[in-house]
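Visitor: Okay, here's the structure, questions in a sec.
The values are calculated or read from the model by the stated rules, or taken from the named source; none is laboratory data. Model, not experiment: these values are computed from the prediction. Glycine gets a Cβ as well: all are built from the backbone with ideal geometry, and neighbour counts include every protein chain shown. Heads up: the accessible areas ignore ligands, DNA and RNA and are worked out on the full protein's heavy atoms, side chains in. Shrake-Rupley method; radii C 1.70, N 1.55, O 1.52, S 1.80 Å.
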Amino acid sequence: MNNTKDIKEEIFLRVKRVIKAQPNQTLLINDLAEVITNQELQDKLEKIQVKEVTKKAGQSMIITALEIVQAIKREFPEARIEHLGEADLIVDIEDNSQQSFNKNKPSRLYVLAVSIILFIGSAMAIMNFHADVSMVKVHQQIYALVMGKFTKRPLLLQISYSIGLGCGMIIFFNQIYKYKFNKEDPSPLEIEMYLYKNKVNQFSLYQKTKQAKKGNQNKHY
């Protein structure tokens, strides 16, 4: 029988970007990356241990693609590895306090209070904007052009404008509560949240890399 360490199969490795882990958890290849090769070898690769999550890591830690490749090479030195995807992987470490916090959803009263504050703030912002651009005069002029007479309070136009403004905002954000008008297209809020998470991950990666470089420099001295 051939020694498994002498396998020269080609392995395609795609490293993930972000994963979640628990303290003291041993991370396997299957947790950190997607592996494509023959089925027998793939099952063995996915069970290879790469790194253990320690309490010293804090809330997150970085695992490089080289560490994953080294773990594979320890078991299969002759394997040919094609690395795809990210160069570094971020491990978000969730302790028990974080899990309990995530499970405790805010109360309906809290959500209602925040919604009222946001509603009042948005209304004030819109009214201040309309005051700056003299929207009342614009409505008066439009009403006079259409109806043929001037009035200080063109309520017919102002009410329809207010309703149209609210409907336009709902259509723009493509979502009202849990219902989406177009399920295929992402809403602007979803895009902003996606960009925000990417920036947070990039900054976390930058911080961890900087700390690692400082640690290496201190070892040399």
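Visitor: At q = 0.10, 0.26 Å⁻¹, what log₁₀ I(q)/I(0) does the stretch 13-97 have when each alpha carbon counts as one equal point scatterer in the Debye sum?
Guide: -0.24, -1.34
Visitor: Further question: Enumerate by residue number the trypsin sites (Lys or Arg not before Pro) in the stretch 17-65 meeting two conditions: DSSP loop (anything except H, G, I, E, B), and at most 14 other Cβ atoms within 10 Å of the site's Cβ.
Guide: 17, 47
Visitor: With both bridge residues required to lie in the chain, what share of the DSSP beta bridges run antiparallel, to the nearest 5%?
Guide: 60
Visitor: How many nm separate the modelled label positions at residue 165 and residue 43, each set 7 Å beyond the Cα in the direction of the Cβ?
Guide: For the pair residue 165/residue 43, the computed spacing is 6.5 nm.
Visitor: At 1.4 Å probe size, with the rest of the protein present, what percent of the exposed accessible area of the chain is carbon and sulfur atoms?
Guide: Exposed carbon and sulfur together represent 58 percent of the surface.
Visitor: Beyond a 30 Å Cα-Cα separation, which of these cross-linked pairs lie in this structure: 51/197; 20/73; 47/180; 73/197; 20/178?
Guide: As for pairs spanning more than 30 Å Cα to Cα, those are 47/180; 73/197.
Visitor: At 0.36 nm per residue, minus the direct Cα-Cα distance, what do residue 110 and residue 206 gain on full extension? Give it in nm, one decimal, please.
Guide: Result: 31.0 nm gained on full extension.
Visitor: May I pose another question? Helix 108-132 against the longest principal axis of the chain: what's the angle in degrees, Cα atoms only, rounded to the nearest 10?
Guide: 60
Visitor: Length gain on complete extension for the stretch residue 182 to residue 126, per 0.36 nm per residue less the alpha carbon to alpha carbon distance?
Guide: Values: separation 56, 0.36 × 56 = 20.16 nm, distance 2.63 nm.
Taking 0.36 nm per residue and subtracting the Cα distance, the gain is 17.5 nm.
Visitor: Probe of 1.4 angstrom, ligands and nucleic acids ignored: what's the accessible area per residue over the stretch 39-172, in square angstrom? Mind dumping the intermediate values first?
Guide: Numbers: 9980 Å² over 134 residues.
I get 74 Å² per residue for the stretch 39-172.
Visitor: Below 18 Å, Cα to Cα, which aspartates and glutamates can residue 55 reach? Residues fewer than 8 away in the same chain don't count.
Guide: Those aspartates and glutamates meeting the cut-off are 92, 94, 95.
Visitor: List every residue whose amide H lies under 5 Å from the amide H of residue 18, counting only residues 5 or more places away in sequence or on a different chain, with H placed 1.01 Å from N in the peptide plane.
Guide: The list, which skips near neighbours in sequence, is 90.
Visitor: After finding the eigenvalues of the alpha carbon gyration tensor for the chain, what semi-axes result from the square roots of 5 times each, listed largest first in whole Å?
Guide: 57, 21, 17
Visitor: At what distance in nm do the modelled label points of residue 64 and residue 152 sit from each other, each positioned 7 Å from its Cα along Cα→Cβ?
Guide: 7.5
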